Number of protein chains: 2
Amino acid sequence: MSKNIVKPSILSGFMELIPSEQILFNQMLDTIRENYERFGFLPIDTPVIEKAEVLLAKGGGETEKQIYRFEKGNTELALRFDLTVPLARYVAQHFSELTFPFRRYHIGKVYRGERSQKGRFREFYQCDIDIIGNETLDIINDAEIPSIIYSTFKDLGFNSFTIKINNRKVLKGFFKWLGIEDSTEVLRTIDKLDKIGLDKVKLELEEQNLDKGTIDKIVEFIQIKGSNEEKLHSLKSLGIENGIFKEGLEELTSVNHYVKAFGVPENNYSIDLTIARGLDYYTGTVYETFLDDYPDIGSICSGGRYDDLAGFYTRQKLPGVGISIGLTRLFYQLNEAELIKAKDNSLIKVIIIPMEDCLDEAIETASVLRNKGINTQIYLEKGKMGKKFGFADKLDISYSIIIGPDEIKKSKYALRNMKTGEQNLLSMEELLTSLK
Amino acid sequence: MSKNIVKPSILSGFMELIPSEQILFNQMLDTIRENYERFGFLPIDTPVIEKAEVLLAKGGGETEKQIYRFEKGNTELALRFDLTVPLARYVAQHFSELTFPFRRYHIGKVYRGERSQKGRFREFYQCDIDIIGNETLDIINDAEIPSIIYSTFKDLGFNSFTIKINNRKVLKGFFKWLGIEDSTEVLRTIDKLDKIGLDKVKLELEEQNLDKGTIDKIVEFIQIKGSNEEKLHSLKSLGIENGIFKEGLEELTSVNHYVKAFGVPENNYSIDLTIARGLDYYTGTVYETFLDDYPDIGSICSGGRYDDLAGFYTRQKLPGVGISIGLTRLFYQLNEAELIKAKDNSLIKVIIIPMEDCLDEAIETASVLRNKGINTQIYLEKGKMGKKFGFADKLDISYSIIIGPDEIKKSKYALRNMKTGEQNLLSMEELLTSLK
């Protein structure tokens, strides 16, 4: 029968891994999930497809153009493009069934049909946590978030990273004091300080028709240096008296105090007055996280505090604070930089290789190991021993057990360490001890 | 600011759970994954969106109508409707990077826009395993599959279930012997024996213009009774000499022998000659699994052997055997029948409740517990103690620790069992022992 063959391929901008990579990806995902659960977050899962009118309630902006939309029957549908909008809808919809403050984590795929380019994905995993209050949410929550980021990235195997913290109210109050009503453009400029340098920042500010005195004050502000305490002190000595600035400074001071109490080392977090984040969403504390040795990767974990999560779906006031890890992009970049460390390259602990006519005993042995929770494969195909060992090698399996007539006669198991080549003849009890 | 409120709701046919249910769902998913890994299966993950021409290479059939399709730019896209077609494409595409026999598991969401009805979902999780051979795959693999089903459902907390096994070659050979060339209709009828009963099966067979002698032989065949050995013996004594029947019978005999070796109790599996499964895909062994006390739920885990996985994408011959658990539907039905048992209703082991001005000590205590891997929440909001305990109760948290000035003075921790109300004043060491 001759058939037409369709070339097997996937769309550009989608990540697909071979199993040895997928194991690493899943280990990272599991580590993130474990950390989120360790800090008391509960899981939710929402549909990938929702009504377009619900997902796009906010409307407008760059995001809308990137959304996958389509019709089915007479309904306009859309694929979720983040996990925050579904969270807002979820909390509004299930409000009476939830307990507040509501700590939820959500790990899932989201979709953005943006222009395809290296390191950008149209389907990617987000790993989000948010703490949602009913009417109010204590500022201490903002100080716990960095300890979750710290714990997570430590467990992912990183040491040199910095969680940068700022407060949007401090920025807003500062610009109000300068008489700048719409600070959108200025914020966008100072956010680029690390990328474009101070001279270009000054130039851009001049192009925004700011006078020299104002620009000097902005430059002085974004160059505030020293320890976190010193930075807070410098902010205080600016003598800005408006309410929003004072509120922001008080929050930042409180967060700084408790971040320490939560055990984040001074090395791993820093107040950074140039961090602004998304311009219309966050209202207080904001976070970005950078790998010290790989600043080009950009922020690997970001988020912040918002006044009102679900204003498009409910009149209930729901303030919150949260962060997101874009795991697909992070994995891609770490992989490119050869920074990914495996706990184990294979999920299979041991492979049982039966010699001819020893299959029943091999199966029996596998059952014992599996009942003890040891990931075990049996090589079930016929063939030469060399081919069987080759299989174990290719899959990076740590141990093999050969079952032949000799071993069966002696009730012993020939355990071979596939990395070192060391081989020992063991009793079942010794075998279990070795493999645990 | 007055805004329009969009009613928060999801599409019909989509499942969304509150966190206490989601925890149970995730526990089931984790149990399935652990079992798949314990039997040596490796993870893969494929895009939810693929090129329509690739996903629909096979074309035709009921499925095609149910597929979510749309255009983006000039490309026809579709959402995956199962995990088997993506597996076929994956194996063909990554052939040279994979090691055969290739054991993969895949747990993910699939999409079918079928007519919405109770217990049917348009987005649902499938949990699949398959073993794919390069050119050949030993029949012993078919015998290992039931042991994976057995282990998985035992671990999910079930005892009374039956894995029903049949072989399509036995059916094909039997119908060939009867002179029935196209057995599609007959198979569809006998597949319904459990649902419609023997009399209606006979009636339907008469409507298919089969003569009485033939119908009698079919009825005799599907009523073959006894132990698995007795059934095999009865099949043998039919004296059918065609190659396909003999091959099927040999396979079924071999599978029956090794299923026992793999440790599946006789109570939990049974040869059932009425099991046929999807008509154009499976070519050898087929499986269905039923809860003995809830036959109405239908098969909770099904699958089988196929000659050629990826004929639409490669000329490489890739035989395989696999099964699938439709977890969303299964969860829904178990939940409806109140059959779901929780290991733990909450993921949070302990909540720390600080009295006024004891926040620093509460945070410190939480850090110690979290570093020991204990899922810990701190109640961070201000308020009365009653409200704080109420929060712990609502979330079903097992333990609370009260931190007040007295406890701090004595360096002790007041651990309260939230179920029994028992309270003890413990040192940190005793606390850790109690919570482990």
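Determine whether the stretch B:367-376 contains at least one residue that is surrounded by 18 or more Cβ atoms within 10 Å (Cβ to Cβ), in contact (Cβ under 8 Å) with a residue 12 or more places away in the chain and more than 35 Å from the chain's Cα centre (by Cα).
Taking every residue of the stretch B:367-376 in turn, none turns out to be surrounded by 18 or more Cβ atoms within 10 Å (Cβ to Cβ), in contact (Cβ under 8 Å) with a residue 12 or more places away in the chain and more than 35 Å from the chain's Cα centre (by Cα).
State yes or no: is residue A:54 hydrophobic (A, V, I, L, M, F, W, C) and either over 25 Å from residue B:349 (Cβ atoms) or not assigned by TED's automatic domain parsing to the domain that holds residue A:125 (or both)?
The answer is yes for residue A:54.
Looking at the structure I just gave you, is residue A:39 under 17 Å from residue A:324 (Cα atoms), in contact with a strand residue (DSSP E or B) (Cβ under 8 Å, 6 or more places away or on another chain) and crowded, with 18+ Cβ neighbours inside 10 Å?
Yes.
Taking the stretch A:207-232 as the region of interest, how many residues are surrounded by 13 or more Cβ atoms within 10 Å (Cβ to Cβ) and within 20 Å of residue A:255 (Cβ to Cβ)?
Residues flagged as surrounded by 13 or more Cβ atoms within 10 Å (Cβ to Cβ) and within 20 Å of residue A:255 (Cβ to Cβ) within the stretch A:207-232 amount to 7.
Within the stretch B:400-431, can you find the residues that are farther than 21 Å from residue B:380 by Cβ and in contact (Cβ under 8 Å) with a residue 24 or more places away in the chain?
The one that is farther than 21 Å from residue B:380 by Cβ and in contact (Cβ under 8 Å) with a residue 24 or more places away in the chain: B:428.
Can you tell me which residue among B:182, B:194 is outside any helix (DSSP H, G or I) and either surrounded by 23 or more Cβ atoms within 10 Å (Cβ to Cβ) or more than 19 Å from the chain's Cα centre (by Cα) (or both)?
On the way: B:194 fails: outside any helix (DSSP H, G or I).
None of the others qualify; the one that does is B:182.
Looking at the stretch A:380-436, what helices (runs of 4 or more DSSP H) fall wholly within it and have at least 3 residues that are among the basic types (Lys, Arg)?
So the answer is A:385-394.
Quick one: is residue B:430 at the interface with another protein chain (Cβ under 10 Å from one of its Cβ atoms), of a type in the set (Asp, Glu) and either surrounded by 14 or more Cβ atoms within 10 Å (Cβ to Cβ) or in contact with a Pro (Cβ under 7 Å, 6 or more places away or on another chain) (or both)? Working first, answer last.
Details: at the interface with another protein chain (Cβ under 10 Å from one of its Cβ atoms): no; of a type in the set (Asp, Glu): yes; either surrounded by 14 or more Cβ atoms within 10 Å (Cβ to Cβ) or in contact with a Pro (Cβ under 7 Å, 6 or more places away or on another chain) (or both): yes.
For residue B:430, the condition - at the interface with another protein chain (Cβ under 10 Å from one of its Cβ atoms), of a type in the set (Asp, Glu) and either surrounded by 14 or more Cβ atoms within 10 Å (Cβ to Cβ) or in contact with a Pro (Cβ under 7 Å, 6 or more places away or on another chain) (or both) - is not met.
Could you grab me the full set of residues in the stretch B:235-267 that are among the hydrophobic types (A, V, I, L, M, F, W, C), within 17 Å of residue B:145 (Cβ to Cβ) and not in a helix (DSSP H, G or I)?
Residues satisfying the conditions are B:262, B:264.
Output the residue which, of all residues in the stretch B:268-279 that are in contact (Cβ under 8 Å) with a residue 40 or more places away in the chain and in a loop (DSSP other than H, G, I, E, B), is nearest to residue B:302 (Cα to Cα). Explain how you work it out, then say what you get.
So in the stretch B:268-279, the residues in contact (Cβ under 8 Å) with a residue 40 or more places away in the chain come out as B:268-277, B:279.
So of that shortlist, the ones also in a loop (DSSP other than H, G, I, E, B) come out as B:272-277, B:279.
Numbers: B:272: 13, B:273: 15, B:274: 14, B:275: 10, B:276: 11, B:277: 8, B:279: 13 Å.
By that ranking, first place goes to B:277.
Given (1) in a helix (DSSP H, G or I); (2) over 20 Å from residue A:100 (Cβ atoms), identify the lone condition not met by residue B:374.
All conditions pass for residue B:374, except number (1).
Please go through the stretch B:352-395 and give me each residue that is acidic (Asp, Glu) and at the interface with another protein chain (Cβ under 8 Å from one of its Cβ atoms), ordered by number.
B:360, B:364, B:381
Anything in the stretch B:384-421 that is in contact with a strand residue (DSSP E or B) (Cβ under 8 Å, 6 or more places away or on another chain), within 16 Å of residue B:356 (Cα to Cα) and of a type in the set (A, V, I, L, M)? List them, or say none.
Within the stretch B:384-421, B:385, B:401, B:402, B:403, B:414 qualify.
Within the stretch B:109-138, work out how many residues are touching a residue at least 12 places away in the same chain (Cβ under 8 Å) and buried (at least 18 other Cβ atoms within 10 Å of the Cβ).
Here the count works out to 19.
Regarding the stretch A:53-73, can at least one residue be identified that is in contact with a Lys or Arg (Cβ under 7 Å, 6 or more places away or on another chain), assigned to a helix (DSSP H, G or I) and surrounded by fewer than 18 Cβ atoms within 10 Å (Cβ to Cβ)?
Among the residues of the stretch A:53-73, at least one is in contact with a Lys or Arg (Cβ under 7 Å, 6 or more places away or on another chain), assigned to a helix (DSSP H, G or I) and surrounded by fewer than 18 Cβ atoms within 10 Å (Cβ to Cβ), which makes the answer yes.
Taking residue A:33 as the residue in question, decide whether it is buried (at least 22 other Cβ atoms within 10 Å of the Cβ), touching a strand residue (DSSP E or B) at 6+ places or on another chain (Cβ under 9 Å) and of a type in the set (D, E, K, R).
So residue A:33 fails the test.
Got at least one residue in the stretch B:311-325 being in the same structural domain as residue B:58 (by TED's automatic domain parsing), under 18 Å from residue B:190 (Cβ atoms), buried (at least 22 other Cβ atoms within 10 Å of the Cβ) and in contact with a Ser or Thr (Cβ under 7 Å, 6 or more places away or on another chain)?
Looking for residues that are in the same structural domain as residue B:58 (by TED's automatic domain parsing), under 18 Å from residue B:190 (Cβ atoms), buried (at least 22 other Cβ atoms within 10 Å of the Cβ) and in contact with a Ser or Thr (Cβ under 7 Å, 6 or more places away or on another chain), one finds none in the stretch B:311-325, hence no.
State whether the residues of the stretch B:34-50 include one that is in the same structural domain as residue B:330 (by TED's automatic domain parsing), out of contact with any helix residue (DSSP H, G or I) (no Cβ under 8 Å at 6 or more places or on another chain), at pLDDT 95 or above and more than 30 Å from residue B:312 (Cβ to Cβ).
no
For the stretch B:59-104, give me the residue count where each residue is among the aromatic types (Phe, Trp, Tyr) and more than 10 Å from every other protein chain (Cβ to nearest Cβ).
Within the stretch B:59-104, residues that are among the aromatic types (Phe, Trp, Tyr) and more than 10 Å from every other protein chain (Cβ to nearest Cβ) number 1.
Could you look through the stretch A:1-58, keep only residues that are of a type in the set (Ser, Thr, Tyr) and in contact (Cβ under 8 Å) with a residue 60 or more places away in the chain, and pick out the one that is farthest from the other protein chains (Cβ to nearest Cβ)?
A:31
Taking the stretch B:71-98 as the region of interest, how many residues are in contact with a Pro (Cβ under 9 Å, 6 or more places away or on another chain) and among the polar types (S, T, N, Q)?
Residues meeting the conditions: 1.
The values are calculated or read from the model by the stated rules, or taken from the named source; none is laboratory data. Note that the structure is predicted; figures quoted are calculated from it, not measured. Every residue, glycine among them, receives a Cβ derived from its backbone with ideal geometry; neighbour counts consider all protein chains shown.
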